[in-house]
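I have placed the structure first, in the form of structure tokens, so that the comments after it can refer back to it.
The values are calculated or read from the model by the stated rules, or taken from the named source; none is laboratory data. Here the structure is a predicted model, which is why all the values come from computation and not from measurement. Reconstructed Cβ throughout: ideal geometry from the backbone, glycine too, with neighbour counts over all protein chains shown. Heads up: the accessible areas ignore ligands, DNA and RNA and are worked out on the full protein's heavy atoms, side chains in. Shrake-Rupley method; radii C 1.70, N 1.55, O 1.52, S 1.80 Å.
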There are 2 protein chains.
Amino acid sequence: MSMSTGSIFIVVAPSGAGKTSLVAALLKAASDVELSVSFTTRAPRAGEVDGQHYHFVSRDAFEAMIAAGDFLEYAEVYGNYYGTSVRWIRERTAAGHDILLEIDWQGARQVREIFPDAVGIFILPPSLQVLESRLRGRGTDSTEVVERRLAEARAEIALVGEYDYIVVNDEFEQARTDLLAVVRAVQLRAPRQCERLARVLAQMQPAG
Amino acid sequence: MSMSTGSIFIVVAPSGAGKTSLVAALLKAASDVELSVSFTTRAPRAGEVDGQHYHFVSRDAFEAMIAAGDFLEYAEVYGNYYGTSVRWIRERTAAGHDILLEIDWQGARQVREIFPDAVGIFILPPSLQVLESRLRGRGTDSTEVVERRLAEARAEIALVGEYDYIVVNDEFEQARTDLLAVVRAVQLRAPRQCERLARVLAQMQPAG
């Protein structure tokens, strides 16, 4: 274990719960939390920066990483690989950085197997009615897709007990404050603070 | 266990760390957190309200409570009894209220023995120098008293690992935000949220 160890936050939500906006607001407010950067074999698009949007690697390099067991999870989509590197997460957290993973419930389980101290946060819609009207309100999905998303949402919500914290996204500003509170409280946990404050604490301890 | 169970927060700090102001700010911002109300046998002062500032009881009633083992801790000061009732805390938390106890490290240990889920928060001054200058700055205490307080502070700080969260009171506004974040995050923990959201969650679970 390194002297300063960051935390891993896993944020999971059913489609339509508002996760993307909440995570964006969190990353803006909590500048010390980094979104996990995936590895990919696809070519960078205009404006994409290596190491920031993705780690862009060759197909050979990616497959070598697969063989080395570097990936927490990976998938091939339209002929390109995408994956989350266990080693990258280990290095960033060992350097004291907090890492946020925006993944699905299956990914969350895999992460927890490798990093049992990862903090699981579930974003819950205030009700199924609200979720349904949000999904329909997008106007982009067919009735069948909306129905499937709702069924998936019910199944995901049944697993809510696997998470450490539950944030209800009813009113956005309250949900944003709540998500920030969870992240901040984890940073204030005694073991982490003791590591961070080791020098200050040593100076304050009684002599002998 | 009741269906809705509040949390117990224990806030401990060395003298001069700024606990009183921080707790006052917390109680103002988190209207759902109640300061524990002590029982006493002394007469109410002008403006003091029974059940709000203290529970005012007769000496006979207090001694009956001692005999019944009702007190978490009690003391006799200048001929009057003061005590914290275990039963009162149990009743308030069972009714879903969060209770905050402003006590010393010995009291904190007693509370944790009876309520192992109580959340311990330690308020830490940014350094011993700052603590010393705060204590001297009060101008109310002799050099001997300041020296004694500093020695006590060192001993208390040595026990910081017994607490769940550490809030450093360097800049007041940041410390206030941090204390609020800890309280809010505890309220968002999954087991508590599942209890609170039981009806909503039941409606969202898959059928069958």
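For the structure I just gave you, tell me whether residue B:173 is touching a residue at least 60 places away in the same chain (Cβ under 8 Å) and farther than 30 Å from residue A:132 by Cα. Taking the combined requirement at face value, the residue does not satisfy it. For the structure I just gave you, tell me whether residue B:124 is away from chain A (no Cβ under 11 Å), open to solvent by less than 60 Å² (accessible area, probe 1.4 Å) and touching a residue at least 12 places away in the same chain (Cβ under 8 Å). In short, no. Within the stretch B:177-191, residues that are touching a residue at least 60 places away in the same chain (Cβ under 8 Å) have Cβ atoms under 6 Å from residues that are in a helix (DSSP H, G or I) in these pairs: B:179/B:22; B:179/B:26; B:180/B:29; B:182/A:185; B:184/A:181, counting only partners at least 6 apart in sequence or on another chain. Evaluating residue A:44 against the criteria (1) surrounded by 20 or more Cβ atoms within 10 Å (Cβ to Cβ); (2) touching a Phe, Trp or Tyr at 6+ places or on another chain (Cβ under 8 Å); (3) of a type outside the set (Val, Ile, Thr) leaves one unmet condition, (1). Out of the stretch B:142-168, which residues are within 9 Å of chain A (Cβ to nearest Cβ) and surrounded by fewer than 18 Cβ atoms within 10 Å (Cβ to Cβ)? Result: B:151, B:154, B:155, B:158, B:161, B:162. Being in contact with a Ser or Thr (Cβ under 9 Å, 6 or more places away or on another chain) and closer than 30 Å to residue A:73 by Cβ is a property that residue A:153 has.
Scan the stretch B:106-125 and tell me whether some residue there is among the aromatic types (Phe, Trp, Tyr) and within 23 Å of residue A:163 (Cβ to Cβ). No. Within the option set A:119, A:130, being touching an Asp or Glu at 6+ places or on another chain (Cβ under 8 Å), surrounded by fewer than 18 Cβ atoms within 10 Å (Cβ to Cβ), aliphatic (A, V, I, L, M) and more than 9 Å from chain B (Cβ to nearest Cβ) holds for one residue only, A:130.
For the stretch A:17-25, the criterion of a residue being of a type outside the set (A, V, I, L, M, F, W, C) and open to solvent by 40 Å² or more (accessible area, probe 1.4 Å) is satisfied by at least one position.
Of all residues in the stretch A:153-168, those that are in contact (Cβ under 8 Å) with a residue 24 or more places away in the chain and not in a helix (DSSP H, G or I) total 7.
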